[in-house]
Amino acid sequence: MQRIIAGKGYVSQTSITRPADTTAYTAGDVVGATAAAITFADIGPTFGVVSITDADLRIDVAAVPAGMTSFRLHLYDATPPSALADNAAWDLPAGDRASYLGYIDLGSPVDVGATLFVQTTGTGAKTIQLKTSSLFGYLVTNAGFTPGSAAVKTIRLSLMGA
């Protein structure tokens, strides 16, 4: 995890390693570690209002798996009580509603050699208020595909104080 502050700007990066299996995902499945909630630590000031300006996703595999399309990152101001695991169908249950902040679409990763990468810039329309200095999320696939075993995914968010 990383925090960079430049004026009122913040960057947080986190990596997740999915389980050591190749169980296929279906559209709408959570992608992550066994406990799939993602933490973006120290991403802004406690109770601060911030706008997400950029997001990128790096996947440490050498080729786009057949069927993989885009991803969506669902955001929360606290660790989601649902505690979804990798490969669970994402849902917004009643217990998660109070902490749910919405989502950002990450797009479709492209093959850039030994790595897959996608960046989304100018997402500043997503303004949120933090409850702590951290932000939480679930990475969700928009299409079914068979993943590589123990593939590492790194997500980086850039925010500006609103």
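Numbers for the structure displayed
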{"item": "Centre separation in Å (Cα based) which lies between the range 4-66 and the range 71-109", "result": "11"}
{"item": "Largest to smallest principal axis extent of the C-alpha atoms in the range 1-109, angstrom", "result": "42, 36, 22"}
{"item": "Surface accessible to a 1.4 Å probe, per residue, for the residues of the chain, Å²", "result": "43"}
{"item": "Amide H contacts under 5 Å for Trp90, placed H, 5+ residues apart", "result": "Asp29, Val30"}
{"item": "FRET efficiency for Thr115 and Asp91, using Cβ-Cβ distance with R0 set to 25 Å, rounded to 0.05", "result": "0.20"}
{"item": "Stokes-Einstein D for the range 52-162, Kirkwood Rh over Cα pairs, 25 °C, 0.890 mPa s (µm²/s)", "result": "164"}
{"item": "Share of carbon and sulfur in the accessible heavy-atom surface of the chain [1.4 Å probe, %]", "result": "56"}
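The values are calculated or read from the model by the stated rules, or taken from the named source; none is laboratory data. Remember, predicted model here, so these are calculated numbers, not experimental data. Heads up, the Cβs are rebuilt from the backbone with ideal geometry, glycines too, and the neighbour counts pull from every protein chain shown. Heavy atoms of the whole protein, side chains included, go into the accessibility calculation; ligands, DNA and RNA do not. Shrake-Rupley method; radii C 1.70, N 1.55, O 1.52, S 1.80 Å.
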